[in-house]
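Colleague: Have a look at this one.
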Amino acid sequence: MTGGMDVSKFDIDAPRWDQSTFVGRLRHFFNITDPRTALLSDSELDQAKRLVGSCRAGNVPAGTTEEQLHYAKKLYDSAFHPDTGERMNLIGRMSFQVPGGMAITGFMLQFYRTVPAVVFWQWVNQSFNALVNYTNRNAASPITPKQIGVAYVTATTTALATAVGLNLYTKKAPPLVARWVPFAAVATANCVNIPMMRQQEILNGIAVVDENDNKLGYSRRAAVKGITQVVVSRITMAAPGMIVLPILMQRIEKYPFMQRIKFLHGPLQVMMVGVFLIYMVPAACSLFPQRCSMAVSHLEPGLRDSIRARFGEGVGYVYFNKGL
C-alpha cells in the first residue's frame, strides 16, 4: 500500500497469514518470536505501539508504508500483552525464549551429574518458566502475589524432586538415560507450573466470546482446554533439544578432539540448543490456534443453557485467548 494507495484503510489487526492452518500460524510466530526484537529499546517498542494505535484509529501518519505498519505490528505482538496492551517484561516474552532458553537448557544438559548442579539449574529453569508463564497468562483472570508464590514453590519443588530422584535412580542406568533426566524434570514441572500459575482461570473460568468478540461468560472447561494445549506446546518446545542433543553429545564426546576441549562442552551445548529453539519456539507456539475455540455443547451446563437461552442455536462455538 505504498504510493497512491490509502493506508488509512489498512486493517492492522487482520491476520497476515491464515491462522486456521499450522503453516500460517508458523509464519506468524516466526515473525513475533524473532529474538532480534528482544534487543530493541522500550522507546522503539512504544513508538511501534503508537503507530499501531494510530492505524486502528484510522489516523495513519502521512508517508507511512504498508511495510512499516507490518513491522510495527510485529513489534507490538512480540512485546505487548494481547489482553492488556501493556508492555511485557523482557525475560517473559516469547522473543526471549531462544536466548534465555538456550542458556538455561544448555547448562542443564551439561551439568546433570551432581545433585547440587541439578538443584541449581532446575531452580534457575523453574524461575524462568514461572516468569514466562505469568507474563503469557490470560490477563483477564487476575492472580494474587500469594498464588504466584505458591505456584512457583510447588513447580520448583516438583522439578527438583523429579530431577534429584531420577538422578539418584539412574546412577546405575546407561549414561544416556541419565542425560534425559533434565527433560523428565522439565516436562513434569511444566505439568504443574503452568496450571498453578494460571489457577484462577481454572477456578473461576476464562472469558469466552462469540465470533464477533461479544462476551458470553466465563468457562472453566475452556480454561482447562487452553491450559492443556499450552502445556503440550511447552513440552514440545523443549523435547527435541533435550532428547536429541544428549544423543549427539554422547556420540561426539568420544572423539579425541572433543576430549581435548571439555571446557567448551557447555558453551557448545548452549549453541546447539539455540539452533533447536530457533525453530521449536515458533513451531510449538503454532501447534494450536492462539484464538482457541470450543463448541457450546461442550461448555458447563449453566453457561451452555445461558447462551442458548439468549441466542438459541445461533451460537455454535465460543472463542478465547489460550495464552502462550
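The values are calculated or read from the model by the stated rules, or taken from the named source; none is laboratory data. The shown structure was predicted, so the numbers you read here are calculated from the model rather than taken from an experiment. Please note: Cβ atoms are built from the backbone with ideal geometry, for glycine as well, and neighbour counts cover all protein chains shown. Just so you know, the surface numbers come from the protein's heavy atoms only, side chains and all, with ligands and any DNA or RNA stripped out. Shrake-Rupley method; radii C 1.70, N 1.55, O 1.52, S 1.80 Å.
Colleague: For Asp305, only one of the following conditions fails: (1) touching a residue at least 60 places away in the same chain (Cβ under 8 Å); (2) open to solvent by 50 Å² or more (accessible area, probe 1.4 Å). What is its number?
Modeller: Status for Asp305: all satisfied but (1).
Colleague: Name, by its number, the condition in (1) under 17 Å from the mean Cα position of the chain (by Cα); (2) surrounded by fewer than 16 Cβ atoms within 10 Å (Cβ to Cβ); (3) within 18 Å of Thr154 (Cα to Cα) that does not hold for Ile91.
Modeller: Only one criterion is unmet by Ile91, namely (3).
Colleague: Something else: Taking region 284-293 only, how many residues are open to solvent by 20 Å² or more (accessible area, probe 1.4 Å) and not aromatic (Phe, Trp, Tyr)?
Modeller: Step one: list which residues in region 284-293 are open to solvent by 20 Å² or more (accessible area, probe 1.4 Å), which gives 287-291, 293.
Retained after the next criterion (residues that are not aromatic (Phe, Trp, Tyr)): 287, 289-291, 293.
So the answer is 5.
One line per residue, one yes/no per condition, for (1) in a helix (DSSP H, G or I); (2) modelled with pLDDT of 85 or more; (3) under 21 Å from Gln269 (Cβ atoms):
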residue	(1), (2), (3)
Ser43	yes, yes, no
Ala48	yes, yes, no
Gly85	no, no, no
Val98	yes, yes, yes
Gly101	yes, yes, yes
Thr105	yes, yes, yes
Leu109	yes, no, yes
Lys146	yes, no, no
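Colleague: Oh, and also: Restricting to region 118-144, name every residue that is surrounded by 20 or more Cβ atoms within 10 Å (Cβ to Cβ) and outside any helix (DSSP H, G or I).
Modeller: Answer for region 118-144, where residues must be surrounded by 20 or more Cβ atoms within 10 Å (Cβ to Cβ) and outside any helix (DSSP H, G or I): Asn136, Arg137, Asn138, Ser141.
Colleague: Filter region 253-278 down to residues that are of a type in the set (Val, Ile, Thr) and assigned to a helix (DSSP H, G or I) and give me whichever is surrounded by the most Cβ atoms within 10 Å (Cβ to Cβ).
Modeller: My answer is Val273.
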